[in-house]
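> Pasting a structure here, questions to come.
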Amino acid sequence: MSKNIFLLKTKTLFLVAMTTFLFLTSTLSAQVFWTEDFTSGGLGWNMNVATGPEDADANIFYISDDEGGGIPPNLGAPSSCGLAGNGNNTLHVTTSATIGTGAGATYFAGGVCVIGICVTTNRRCESPVINCTGKTNISLYFNYLENGDGTLDNATLWYFDGLNWSLLDDMPKTLTGCSGQGLWTSRTVALPASANNNANVKIAFRWVNNDDGIGTDPSFAVDEITASTPSTTSNTITTGALPLSSYCACSNTIFLPFTSTGIFTLANIYTAQLSNASGSFISPVAIGALLSNAYSGGISCTIPCTTPAGSGYRFRIVSSSLSATGTDNGSNITINPATTPTINISAPILTPCANTIVTWIATITGAGTAPVYQWKKNGIIVGINSPTYSSTLITGDIISCQLTSNAPCANPTVVTATIGPYTVNPLPNVTASSAPNSSICLGDAITLFGNGALAYVWSAGIINGTAFTPTATNTYTVTGTDANGCTNTSSIAVVVNPGTAIGTLTLTSNPSIVSIGVNTIYTATIPASVAS
(Lines give C-alpha, C1' and ligand atoms only; values in the text may rest on other atoms or scores of the structure.)
Protein backbone atom coordinates (compact mmCIF):
# COMPACT_ATOMS: atom_id res chain seq x y z
CA MET A 1 0.00 0.00 0.00
CA SER A 2 1.26 3.49 -0.87
CA LYS A 3 1.68 5.83 2.09
CA ASN A 4 1.31 9.59 2.56
CA ILE A 5 1.80 12.02 5.40
CA PHE A 6 -0.90 14.64 5.68
CA LEU A 7 -0.58 18.05 7.21
CA LEU A 8 -3.51 18.50 9.57
CA LYS A 9 -4.67 22.13 9.67
CA THR A 10 -7.85 23.97 10.44
CA LYS A 11 -9.49 26.33 8.02
CA THR A 12 -7.95 29.79 8.29
CA LEU A 13 -9.29 33.23 7.49
CA PHE A 14 -6.90 33.28 4.56
CA LEU A 15 -8.47 30.10 3.14
CA VAL A 16 -11.97 31.57 3.53
CA ALA A 17 -10.97 34.86 1.91
CA MET A 18 -9.16 33.15 -0.93
CA THR A 19 -12.05 30.76 -1.63
CA THR A 20 -14.50 33.68 -1.67
CA PHE A 21 -12.28 35.61 -4.05
CA LEU A 22 -12.01 32.67 -6.45
CA PHE A 23 -15.78 32.11 -6.37
CA LEU A 24 -16.48 35.77 -7.13
CA THR A 25 -13.87 35.82 -9.86
CA SER A 26 -15.32 32.69 -11.43
CA THR A 27 -18.85 34.11 -11.22
CA LEU A 28 -17.82 37.34 -12.91
CA SER A 29 -15.86 35.62 -15.64
CA ALA A 30 -18.37 32.91 -16.67
CA GLN A 31 -22.08 32.08 -16.64
CA VAL A 32 -22.10 29.13 -14.19
CA PHE A 33 -25.28 27.02 -14.45
CA TRP A 34 -24.26 23.82 -12.62
CA THR A 35 -21.89 23.26 -9.72
CA GLU A 36 -20.77 20.46 -7.42
CA ASP A 37 -18.56 20.96 -4.37
CA PHE A 38 -19.56 17.68 -2.61
CA THR A 39 -20.74 19.55 0.51
CA SER A 40 -23.92 17.47 0.46
CA GLY A 41 -21.96 14.25 0.10
CA GLY A 42 -22.47 13.92 -3.66
CA LEU A 43 -26.22 13.46 -3.91
CA GLY A 44 -27.18 11.85 -7.18
CA TRP A 45 -23.69 10.59 -8.01
CA ASN A 46 -23.43 6.96 -9.07
CA MET A 47 -20.30 6.30 -7.06
CA ASN A 48 -18.58 3.11 -8.18
CA VAL A 49 -19.59 1.76 -11.59
CA ALA A 50 -17.40 -1.09 -12.82
CA THR A 51 -16.12 -0.45 -16.35
CA GLY A 52 -13.94 -3.52 -16.74
CA PRO A 53 -12.49 -6.51 -14.87
CA GLU A 54 -11.74 -5.78 -11.20
CA ASP A 55 -10.44 -7.58 -8.14
CA ALA A 56 -12.27 -8.01 -4.87
CA ASP A 57 -9.98 -5.49 -3.13
CA ALA A 58 -10.30 -2.80 -5.81
CA ASN A 59 -9.80 0.81 -4.76
CA ILE A 60 -12.95 2.93 -4.43
CA PHE A 61 -14.34 6.40 -5.04
CA TYR A 62 -15.28 8.11 -1.77
CA ILE A 63 -16.50 11.56 -0.67
CA SER A 64 -15.21 13.15 2.54
CA ASP A 65 -12.78 15.75 3.83
CA ASP A 66 -10.15 13.06 4.48
CA GLU A 67 -8.68 14.63 1.34
CA GLY A 68 -9.74 18.22 2.02
CA GLY A 69 -9.87 20.65 -0.89
CA GLY A 70 -7.15 23.25 -1.37
CA ILE A 71 -6.91 26.46 -3.33
CA PRO A 72 -5.38 26.33 -6.81
CA PRO A 73 -3.26 27.11 -8.72
CA ASN A 74 -0.39 24.84 -7.76
CA LEU A 75 1.83 27.53 -6.30
CA GLY A 76 3.13 25.39 -3.49
CA ALA A 77 1.62 27.56 -0.76
CA PRO A 78 0.11 25.70 2.21
CA SER A 79 -3.40 26.63 1.04
CA SER A 80 -2.77 24.73 -2.20
CA CYS A 81 -2.17 21.43 -0.41
CA GLY A 82 -4.71 18.76 0.32
CA LEU A 83 -5.54 19.07 4.03
CA ALA A 84 -7.33 16.37 5.96
CA GLY A 85 -10.24 17.42 8.16
CA ASN A 86 -10.64 20.99 6.90
CA GLY A 87 -14.39 20.65 6.29
CA ASN A 88 -14.00 20.83 2.51
CA ASN A 89 -15.33 17.56 1.06
CA THR A 90 -13.84 16.14 -2.12
CA LEU A 91 -14.40 13.14 -4.33
CA HIS A 92 -11.28 10.98 -4.15
CA VAL A 93 -9.94 7.49 -4.78
CA THR A 94 -9.02 5.62 -1.63
CA THR A 95 -9.38 2.20 0.02
CA SER A 96 -12.01 0.95 2.42
CA ALA A 97 -9.25 0.34 4.96
CA THR A 98 -8.33 4.04 5.17
CA ILE A 99 -11.79 5.64 5.28
CA GLY A 100 -12.04 7.97 8.27
CA THR A 101 -8.32 7.85 9.02
CA GLY A 102 -7.44 11.11 7.29
CA ALA A 103 -5.42 9.25 4.69
CA GLY A 104 -7.52 10.69 1.86
CA ALA A 105 -6.34 10.09 -1.70
CA THR A 106 -4.18 7.07 -1.00
CA TYR A 107 -4.60 3.77 -2.75
CA PHE A 108 -3.34 0.22 -2.91
CA ALA A 109 -0.96 -0.15 -5.84
CA GLY A 110 -1.02 -3.93 -5.44
CA GLY A 111 1.89 -6.29 -5.74
CA VAL A 112 0.71 -8.78 -3.12
CA CYS A 113 -1.94 -10.65 -5.07
CA VAL A 114 -0.06 -13.89 -4.37
CA ILE A 115 -1.31 -13.73 -0.77
CA GLY A 116 -4.87 -12.97 -1.77
CA ILE A 117 -4.96 -9.13 -1.76
CA CYS A 118 -5.67 -8.19 -5.37
CA VAL A 119 -6.43 -4.56 -6.23
CA THR A 120 -6.93 -4.23 -9.98
CA THR A 121 -9.42 -1.35 -10.34
CA ASN A 122 -11.54 -0.27 -13.34
CA ARG A 123 -14.45 1.93 -12.35
CA ARG A 124 -15.96 5.38 -12.68
CA CYS A 125 -18.02 7.78 -10.60
CA GLU A 126 -20.92 9.27 -12.60
CA SER A 127 -22.52 12.64 -11.99
CA PRO A 128 -26.24 13.34 -11.86
CA VAL A 129 -27.83 14.59 -15.10
CA ILE A 130 -26.62 18.07 -16.06
CA ASN A 131 -29.40 19.90 -17.91
CA CYS A 132 -27.73 21.99 -20.63
CA THR A 133 -30.96 23.17 -22.25
CA GLY A 134 -30.41 26.62 -23.71
CA LYS A 135 -26.65 26.44 -23.12
CA THR A 136 -23.91 26.49 -25.76
CA ASN A 137 -20.12 26.63 -25.77
CA ILE A 138 -20.08 24.88 -22.41
CA SER A 139 -16.90 24.62 -20.36
CA LEU A 140 -16.27 22.32 -17.43
CA TYR A 141 -14.06 23.77 -14.68
CA PHE A 142 -12.71 21.80 -11.72
CA ASN A 143 -9.87 21.58 -9.21
CA TYR A 144 -8.01 18.29 -8.96
CA LEU A 145 -4.84 16.55 -7.88
CA GLU A 146 -3.50 13.30 -9.34
CA ASN A 147 -0.53 10.99 -9.36
CA GLY A 148 -0.39 7.21 -9.77
CA ASP A 149 1.74 5.51 -12.43
CA GLY A 150 1.45 6.95 -15.94
CA THR A 151 -1.56 5.51 -17.74
CA LEU A 152 -1.40 2.29 -15.71
CA ASP A 153 -2.68 3.90 -12.50
CA ASN A 154 -4.59 6.87 -13.89
CA ALA A 155 -7.65 9.12 -13.73
CA THR A 156 -9.62 10.32 -16.78
CA LEU A 157 -12.66 12.50 -17.42
CA TRP A 158 -15.61 11.04 -19.36
CA TYR A 159 -18.67 12.55 -21.06
CA PHE A 160 -22.19 11.19 -21.62
CA ASP A 161 -24.33 12.74 -24.39
CA GLY A 162 -27.53 10.92 -23.37
CA LEU A 163 -26.69 7.78 -25.37
CA ASN A 164 -23.00 6.97 -25.12
CA TRP A 165 -20.01 7.52 -22.85
CA SER A 166 -16.78 8.83 -24.43
CA LEU A 167 -13.36 9.88 -23.15
CA LEU A 168 -13.18 13.65 -22.74
CA ASP A 169 -9.82 14.36 -21.07
CA ASP A 170 -6.78 12.54 -19.70
CA MET A 171 -5.66 15.09 -17.14
CA PRO A 172 -1.91 15.63 -16.62
CA LYS A 173 -0.39 14.44 -13.38
CA THR A 174 -0.16 17.32 -10.91
CA LEU A 175 2.81 18.46 -8.89
CA THR A 176 3.55 16.83 -5.57
CA GLY A 177 4.71 18.41 -2.35
CA CYS A 178 2.95 18.94 0.96
CA SER A 179 4.74 16.02 2.63
CA GLY A 180 4.05 13.76 -0.32
CA GLN A 181 0.52 14.96 -1.06
CA GLY A 182 -0.56 16.70 -4.22
CA LEU A 183 -0.98 20.38 -5.00
CA TRP A 184 -4.46 21.36 -6.11
CA THR A 185 -4.58 22.48 -9.74
CA SER A 186 -7.34 24.07 -11.80
CA ARG A 187 -8.37 22.71 -15.18
CA THR A 188 -10.89 23.83 -17.79
CA VAL A 189 -12.22 21.42 -20.43
CA ALA A 190 -14.63 22.29 -23.22
CA LEU A 191 -17.62 19.98 -23.60
CA PRO A 192 -18.32 18.65 -27.11
CA ALA A 193 -20.85 20.39 -29.34
CA SER A 194 -23.28 17.56 -28.60
CA ALA A 195 -23.69 19.06 -25.12
CA ASN A 196 -25.22 22.24 -26.55
CA ASN A 197 -28.94 22.45 -25.62
CA ASN A 198 -28.75 18.84 -24.35
CA ALA A 199 -30.88 18.04 -21.30
CA ASN A 200 -29.23 14.66 -20.61
CA VAL A 201 -25.54 15.40 -20.18
CA LYS A 202 -23.45 13.62 -17.55
CA ILE A 203 -19.79 13.58 -16.66
CA ALA A 204 -17.78 10.93 -14.87
CA PHE A 205 -14.33 10.45 -13.44
CA ARG A 206 -12.77 7.08 -14.11
CA TRP A 207 -9.93 5.49 -12.16
CA VAL A 208 -7.91 2.45 -13.28
CA ASN A 209 -4.95 0.77 -11.66
CA ASN A 210 -3.20 -2.53 -12.25
CA ASP A 211 -1.81 -4.79 -9.57
CA ASP A 212 1.94 -4.39 -10.17
CA GLY A 213 2.71 -2.65 -6.88
CA ILE A 214 4.12 0.40 -8.64
CA GLY A 215 2.46 3.74 -8.06
CA THR A 216 2.83 6.93 -6.08
CA ASP A 217 0.24 8.73 -3.96
CA PRO A 218 -1.85 10.77 -4.21
CA SER A 219 -4.27 8.77 -6.33
CA PHE A 220 -6.93 11.24 -7.53
CA ALA A 221 -9.19 13.86 -5.98
CA VAL A 222 -11.57 16.41 -7.52
CA ASP A 223 -13.53 19.38 -6.14
CA GLU A 224 -15.33 22.60 -7.09
CA ILE A 225 -16.78 21.37 -10.40
CA THR A 226 -18.73 23.90 -12.46
CA ALA A 227 -20.34 23.92 -15.88
CA SER A 228 -20.55 27.35 -17.49
CA THR A 229 -21.05 29.27 -20.68
CA PRO A 230 -18.91 32.22 -21.78
CA SER A 231 -19.32 35.49 -19.94
CA THR A 232 -21.04 38.37 -21.60
CA THR A 233 -17.85 40.28 -20.84
CA SER A 234 -15.48 39.74 -23.75
CA ASN A 235 -11.83 38.99 -23.05
CA THR A 236 -9.36 40.16 -25.68
CA ILE A 237 -5.65 39.61 -26.23
CA THR A 238 -3.50 41.68 -28.56
CA THR A 239 -0.30 39.95 -29.55
CA GLY A 240 2.58 42.37 -29.99
CA ALA A 241 5.02 42.70 -32.88
CA LEU A 242 8.40 40.97 -32.96
CA PRO A 243 11.63 42.94 -33.38
CA LEU A 244 13.00 40.69 -36.15
CA SER A 245 11.52 39.22 -39.32
CA SER A 246 13.66 36.07 -39.32
CA TYR A 247 14.39 33.51 -36.62
CA CYS A 248 16.02 30.12 -36.30
CA ALA A 249 14.39 26.87 -35.26
CA CYS A 250 15.63 25.87 -31.77
CA SER A 251 15.91 29.56 -30.87
CA ASN A 252 14.94 30.36 -27.28
CA THR A 253 15.51 34.11 -27.43
CA ILE A 254 12.08 35.19 -28.65
CA PHE A 255 10.10 37.40 -26.27
CA LEU A 256 6.50 37.71 -27.46
CA PRO A 257 4.69 40.72 -25.89
CA PHE A 258 0.95 41.08 -25.35
CA THR A 259 -1.77 43.23 -23.84
CA SER A 260 -5.25 42.04 -22.81
CA THR A 261 -8.63 43.20 -21.57
CA GLY A 262 -11.44 41.50 -19.63
CA ILE A 263 -11.31 39.23 -16.59
CA PHE A 264 -8.74 36.44 -16.10
CA THR A 265 -8.61 34.10 -13.10
CA LEU A 266 -5.56 33.37 -10.99
CA ALA A 267 -5.33 29.99 -12.72
CA ASN A 268 -5.15 31.57 -16.18
CA ILE A 269 -2.34 30.47 -18.44
CA TYR A 270 -1.30 32.59 -21.39
CA THR A 271 0.09 30.33 -24.14
CA ALA A 272 2.16 31.51 -27.09
CA GLN A 273 1.33 29.66 -30.31
CA LEU A 274 3.10 29.29 -33.64
CA SER A 275 1.19 28.89 -36.91
CA ASN A 276 2.22 26.70 -39.82
CA ALA A 277 4.42 28.06 -42.62
CA SER A 278 1.35 29.54 -44.32
CA GLY A 279 0.18 31.48 -41.26
CA SER A 280 -2.66 29.09 -40.38
CA PHE A 281 -3.51 28.28 -36.76
CA ILE A 282 -5.58 25.19 -37.57
CA SER A 283 -3.00 23.11 -35.68
CA PRO A 284 -1.00 25.61 -33.66
CA VAL A 285 2.21 24.66 -31.85
CA ALA A 286 2.64 25.84 -28.25
CA ILE A 287 6.04 27.50 -27.88
CA GLY A 288 5.80 29.13 -24.44
CA ALA A 289 3.46 29.69 -21.48
CA LEU A 290 2.93 32.12 -18.63
CA LEU A 291 0.80 31.59 -15.49
CA SER A 292 -0.69 35.05 -15.00
CA ASN A 293 -3.86 37.11 -14.90
CA ALA A 294 -2.01 40.33 -15.74
CA TYR A 295 -3.19 42.53 -18.59
CA SER A 296 0.23 43.01 -20.16
CA GLY A 297 3.50 41.16 -20.29
CA GLY A 298 5.45 38.84 -22.48
CA ILE A 299 6.23 35.17 -22.96
CA SER A 300 9.69 33.69 -23.54
CA CYS A 301 9.34 31.35 -26.51
CA THR A 302 11.32 28.55 -28.06
CA ILE A 303 10.76 27.62 -31.70
CA PRO A 304 10.86 23.79 -31.89
CA CYS A 305 13.92 22.35 -33.57
CA THR A 306 11.73 20.34 -35.97
CA THR A 307 9.94 23.40 -37.36
CA PRO A 308 10.06 23.30 -41.20
CA ALA A 309 11.65 26.23 -43.01
CA GLY A 310 9.16 28.83 -44.23
CA SER A 311 8.51 32.54 -44.66
CA GLY A 312 4.83 32.86 -43.70
CA TYR A 313 4.81 32.06 -39.98
CA ARG A 314 2.70 34.04 -37.48
CA PHE A 315 2.59 34.13 -33.67
CA ARG A 316 -0.34 34.65 -31.30
CA ILE A 317 -1.24 34.31 -27.62
CA VAL A 318 -4.30 32.55 -26.18
CA SER A 319 -5.61 32.33 -22.61
CA SER A 320 -7.12 29.46 -20.64
CA SER A 321 -9.28 31.12 -17.97
CA LEU A 322 -11.23 32.75 -19.28
CA SER A 323 -10.65 31.55 -22.79
CA ALA A 324 -9.61 34.14 -25.36
CA THR A 325 -7.70 33.99 -28.64
CA GLY A 326 -5.34 36.82 -29.38
CA THR A 327 -4.56 38.55 -32.63
CA ASP A 328 -1.44 37.44 -34.46
CA ASN A 329 1.79 39.42 -34.46
CA GLY A 330 0.79 41.31 -37.61
CA SER A 331 3.53 40.32 -40.07
CA ASN A 332 5.03 37.23 -41.69
CA ILE A 333 8.04 35.72 -39.99
CA THR A 334 10.71 33.61 -41.68
CA ILE A 335 11.95 30.56 -39.78
CA ASN A 336 15.18 28.98 -40.94
CA PRO A 337 15.95 25.36 -40.12
CA ALA A 338 18.38 24.62 -37.34
CA THR A 339 21.81 23.44 -38.45
CA THR A 340 23.51 20.89 -36.25
CA PRO A 341 27.29 21.12 -36.64
CA THR A 342 29.23 17.87 -36.47
CA ILE A 343 32.90 17.07 -36.15
CA ASN A 344 34.83 13.82 -36.35
CA ILE A 345 38.57 13.41 -36.06
CA SER A 346 40.51 10.51 -37.50
CA ALA A 347 44.12 9.37 -37.67
CA PRO A 348 45.71 6.70 -39.88
CA ILE A 349 47.45 5.15 -36.86
CA LEU A 350 45.30 3.99 -33.95
CA THR A 351 48.02 2.30 -31.85
CA PRO A 352 51.18 4.27 -32.68
CA CYS A 353 54.75 3.41 -31.84
CA ALA A 354 56.88 5.61 -29.64
CA ASN A 355 58.36 8.65 -31.40
CA THR A 356 55.95 8.24 -34.34
CA ILE A 357 54.44 11.48 -35.62
CA VAL A 358 50.65 11.07 -35.96
CA THR A 359 48.47 13.43 -38.01
CA TRP A 360 44.80 13.92 -37.11
CA ILE A 361 42.27 15.18 -39.64
CA ALA A 362 38.99 16.90 -38.66
CA THR A 363 35.93 16.25 -40.83
CA ILE A 364 33.07 18.73 -40.25
CA THR A 365 29.53 19.54 -41.39
CA GLY A 366 27.26 22.51 -40.72
CA ALA A 367 30.24 24.67 -39.83
CA GLY A 368 29.38 27.79 -41.82
CA THR A 369 31.73 29.85 -43.94
CA ALA A 370 34.39 30.55 -41.31
CA PRO A 371 34.65 27.70 -38.82
CA VAL A 372 37.14 27.92 -35.97
CA TYR A 373 39.20 24.90 -34.94
CA GLN A 374 40.86 24.45 -31.57
CA TRP A 375 43.03 21.38 -31.03
CA LYS A 376 43.84 20.22 -27.50
CA LYS A 377 46.25 17.62 -26.18
CA ASN A 378 45.30 16.48 -22.68
CA GLY A 379 43.14 19.59 -22.33
CA ILE A 380 45.90 22.03 -23.32
CA ILE A 381 45.50 24.05 -26.52
CA VAL A 382 48.10 22.93 -29.06
CA GLY A 383 46.72 24.19 -32.37
CA ILE A 384 44.09 26.55 -33.83
CA ASN A 385 42.46 27.33 -37.17
CA SER A 386 43.64 24.24 -38.97
CA PRO A 387 41.72 21.08 -39.87
CA THR A 388 44.82 18.97 -39.09
CA TYR A 389 47.22 18.53 -36.20
CA SER A 390 50.40 16.44 -35.93
CA SER A 391 52.32 15.26 -32.88
CA THR A 392 54.06 12.34 -31.22
CA LEU A 393 52.30 10.55 -28.36
CA ILE A 394 52.84 8.84 -25.08
CA THR A 395 50.49 6.37 -23.43
CA GLY A 396 47.48 8.13 -21.89
CA ASP A 397 47.42 11.10 -24.26
CA ILE A 398 43.99 12.40 -25.30
CA ILE A 399 43.48 14.45 -28.46
CA SER A 400 40.39 16.62 -29.02
CA CYS A 401 39.25 19.17 -31.53
CA GLN A 402 36.60 21.81 -30.80
CA LEU A 403 34.63 23.25 -33.71
CA THR A 404 32.94 26.64 -33.43
CA SER A 405 30.43 27.08 -36.26
CA ASN A 406 29.36 30.42 -37.70
CA ALA A 407 26.42 28.94 -39.63
CA PRO A 408 23.37 31.25 -39.28
CA CYS A 409 21.22 28.76 -37.32
CA ALA A 410 23.84 26.52 -35.78
CA ASN A 411 22.56 24.76 -32.68
CA PRO A 412 24.70 24.17 -30.79
CA THR A 413 27.40 26.47 -32.08
CA VAL A 414 30.24 24.54 -30.44
CA VAL A 415 30.86 20.78 -30.78
CA THR A 416 33.86 18.67 -29.83
CA ALA A 417 35.32 15.34 -30.92
CA THR A 418 37.82 13.35 -28.88
CA ILE A 419 40.14 10.39 -29.47
CA GLY A 420 41.96 8.64 -26.65
CA PRO A 421 43.36 7.86 -24.27
CA TYR A 422 46.01 6.36 -26.55
CA THR A 423 48.14 3.30 -25.94
CA VAL A 424 51.63 3.85 -27.36
CA ASN A 425 53.77 0.78 -28.13
CA PRO A 426 57.46 0.99 -27.13
CA LEU A 427 60.19 0.54 -29.75
CA PRO A 428 62.02 -2.82 -29.81
CA ASN A 429 65.54 -2.92 -28.31
CA VAL A 430 67.42 -3.88 -31.48
CA THR A 431 71.14 -4.88 -31.32
CA ALA A 432 73.63 -6.06 -34.00
CA SER A 433 76.26 -8.81 -33.69
CA SER A 434 78.65 -10.71 -35.97
CA ALA A 435 80.34 -14.10 -36.22
CA PRO A 436 83.08 -15.02 -35.89
CA ASN A 437 83.90 -11.41 -34.94
CA SER A 438 83.78 -7.96 -36.42
CA SER A 439 87.46 -7.82 -37.54
CA ILE A 440 88.42 -10.15 -40.39
CA CYS A 441 91.08 -10.56 -43.06
CA LEU A 442 90.47 -9.74 -46.63
CA GLY A 443 88.84 -12.69 -48.24
CA ASP A 444 87.34 -14.04 -45.05
CA ALA A 445 83.55 -14.54 -44.67
CA ILE A 446 81.45 -13.00 -41.87
CA THR A 447 77.81 -13.40 -40.70
CA LEU A 448 75.73 -10.52 -39.26
CA PHE A 449 72.80 -11.01 -36.85
CA GLY A 450 70.01 -8.71 -35.64
CA ASN A 451 68.61 -9.24 -32.15
CA GLY A 452 65.58 -7.99 -30.09
CA ALA A 453 62.87 -8.00 -32.81
CA LEU A 454 61.05 -10.43 -35.11
CA ALA A 455 62.23 -9.40 -38.56
CA TYR A 456 65.42 -7.70 -39.72
CA VAL A 457 66.53 -5.80 -42.79
CA TRP A 458 70.23 -4.92 -43.25
CA SER A 459 71.79 -2.16 -45.27
CA ALA A 460 73.83 -2.94 -48.37
CA GLY A 461 71.55 -5.87 -49.16
CA ILE A 462 73.02 -8.05 -46.41
CA ILE A 463 70.75 -10.94 -45.37
CA ASN A 464 70.38 -11.54 -41.67
CA GLY A 465 72.16 -14.69 -40.54
CA THR A 466 73.70 -15.39 -43.97
CA ALA A 467 77.50 -15.29 -44.44
CA PHE A 468 79.05 -12.90 -46.93
CA THR A 469 82.63 -11.80 -47.82
CA PRO A 470 83.19 -8.06 -47.48
CA THR A 471 85.97 -6.50 -49.49
CA ALA A 472 86.47 -3.40 -47.36
CA THR A 473 85.81 -2.02 -43.90
CA ASN A 474 82.21 -0.81 -43.60
CA THR A 475 79.43 -0.02 -41.10
CA TYR A 476 76.24 -1.99 -41.54
CA THR A 477 72.84 -0.97 -40.12
CA VAL A 478 70.02 -3.35 -39.25
CA THR A 479 66.35 -2.33 -38.91
CA GLY A 480 64.33 -4.61 -36.62
CA THR A 481 60.50 -4.83 -36.58
CA ASP A 482 58.56 -6.27 -33.60
CA ALA A 483 55.08 -7.86 -33.34
CA ASN A 484 53.41 -4.41 -33.05
CA GLY A 485 55.02 -3.19 -36.25
CA CYS A 486 57.34 -0.86 -34.33
CA THR A 487 60.92 -0.55 -35.63
CA ASN A 488 64.32 0.42 -34.29
CA THR A 489 67.88 0.28 -35.66
CA SER A 490 71.38 -0.74 -34.62
CA SER A 491 74.75 -0.62 -36.41
CA ILE A 492 77.96 -2.62 -36.39
CA ALA A 493 81.37 -1.78 -37.91
CA VAL A 494 83.11 -4.61 -39.81
CA VAL A 495 86.87 -4.18 -40.19
CA VAL A 496 88.53 -5.94 -43.14
CA ASN A 497 92.33 -6.31 -42.74
CA PRO A 498 94.27 -6.27 -46.10
CA GLY A 499 96.68 -9.25 -46.98
CA THR A 500 100.63 -8.87 -47.32
CA ALA A 501 102.74 -10.40 -50.25
CA ILE A 502 105.36 -12.79 -48.70
CA GLY A 503 107.38 -13.82 -51.81
CA THR A 504 108.22 -17.39 -52.97
CA LEU A 505 109.53 -20.29 -50.90
CA THR A 506 112.46 -21.83 -52.76
CA LEU A 507 113.34 -25.57 -52.38
CA THR A 508 116.67 -27.00 -53.74
CA SER A 509 118.35 -30.44 -53.59
CA ASN A 510 121.95 -31.58 -53.51
CA PRO A 511 122.74 -33.35 -55.72
CA SER A 512 120.34 -31.74 -58.05
CA ILE A 513 119.56 -35.03 -59.62
CA VAL A 514 118.21 -37.45 -57.18
CA SER A 515 118.98 -41.12 -57.59
CA ILE A 516 117.65 -44.07 -55.74
CA GLY A 517 119.85 -45.05 -52.89
CA VAL A 518 121.81 -41.78 -52.96
CA ASN A 519 121.47 -39.45 -49.98
CA THR A 520 120.04 -36.11 -51.00
CA ILE A 521 119.96 -32.84 -49.03
CA TYR A 522 116.96 -30.56 -49.55
CA THR A 523 117.28 -26.87 -48.71
CA ALA A 524 114.28 -24.44 -48.30
CA THR A 525 114.93 -20.76 -48.79
CA ILE A 526 112.42 -18.55 -46.85
CA PRO A 527 111.60 -15.12 -48.30
CA ALA A 528 113.13 -12.25 -46.44
CA SER A 529 109.69 -10.76 -45.65
CA VAL A 530 108.77 -13.85 -43.70
CA ALA A 531 112.14 -14.26 -42.06
CA SER A 532 112.06 -10.76 -40.75
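> Within the chain, how many Lys pairs sit with Cα atoms under 29 Å apart, leaving out pairs fewer than 8 places apart on the same chain?
Values: 3/11; 3/173; 9/173; 11/173; 135/202; 173/202.
Count of close lysine pairs: 6.
> Here's a follow-up. Taking the Cα of residue 372, stepping 7 Å toward and past its beta carbon, and measuring to each backbone N in the stretch 243-285: which are under 18 Å?
Those under the cut-off are none; the list is empty.
> Sequence-distant or interchain residues sharing an amide H contact under 5 Å with residue 64, placed H: which?
Counting only residues 5 or more places away or on other chains, the set is 90, 92.
> Another question, then. In the chain, carbon and sulfur make up what percent of the accessible area (probe 1.4 Å)? Before the final figure, lay out each step's value.
Values: 14840 of 25820 Å².
The value for the chain is 57 percent carbon and sulfur by accessible area.
> Give me the accessible area per residue for the stretch 110-193, probe 1.4 Å, as a whole number in Å². Provide the component values of the computation, followed by the final result.
Values: 3440 Å² over 84 residues.
Per-residue accessible area for the stretch 110-193 comes out at 41 Å².
> Please state the shape class of the stretch 180-309: rounded when a/c is under 1.5, otherwise prolate if a/b exceeds b/c and oblate if not, all from the C-alpha gyration tensor.
prolate
> Follow-up. Which of the peptides 399-406, 344-351 is most tightly packed, and how do the rest follow, going by the mean number of other Cβ atoms within 10 Å of each residue?
Values: 399-406: 20.9, 344-351: 13.6.
Highest-to-lowest ranking by the protection proxy: 399-406, 344-351.
> Calculated from the structure, Cα extents along the principal axes in Å equals which of [x] 167, 67, 45; [y] 77, 58, 51; [z] 66, 65, 45?
Checked against the structure: label [x].
> So if each residue of separation counts as 0.36 nm, and I subtract the Cα-Cα distance between residue 282 and residue 365, what length gain in nm does that give? Mind showing how you got there, number by number?
On the way: separation 83, 0.36 × 83 = 29.88 nm, distance 3.58 nm.
Answer, rounded to one decimal: 26.3 nm.
> Another question about this same structure. Please work out the C-alpha center-to-center distance from the stretch 311-328 to the stretch 107-135 and express it in whole Å.
If we compute the Cα centre of each part, the gap is 37 Å.
> With a probe of 1.4 Å, find how much accessible area the stretch 214-363 has per residue, and write the answer as a whole number in Å². Don't skip to the end; give the middle numbers.
Details: 6580 Å² over 150 residues.
Counting only protein heavy atoms, the per-residue value for the stretch 214-363 is 44 Å².
> Could you state the number of Å between the C-alpha centres of the stretch 422-498 and the stretch 237-255?
The stretch 237-255 and the stretch 422-498 have Cα centres separated by 76 Å.
> Could you provide, to the nearest whole Å², the per residue accessible area of the stretch 388-475 with probe 1.4 Å?
Working: 4470 Å² over 88 residues.
Accessible area per residue, the stretch 388-475: 51 Å².
The values are calculated or read from the model by the stated rules, or taken from the named source; none is laboratory data. Computed from a prediction, not measured in an experiment: that's the story for all the values here. Glycine also receives a Cβ, built like all others from the backbone with ideal geometry; neighbour counts cover every protein chain displayed. Each accessible area value is taken on the protein alone, full model and side chains, heavy atoms only, with ligands, DNA and RNA left out. Shrake-Rupley method; radii C 1.70, N 1.55, O 1.52, S 1.80 Å.
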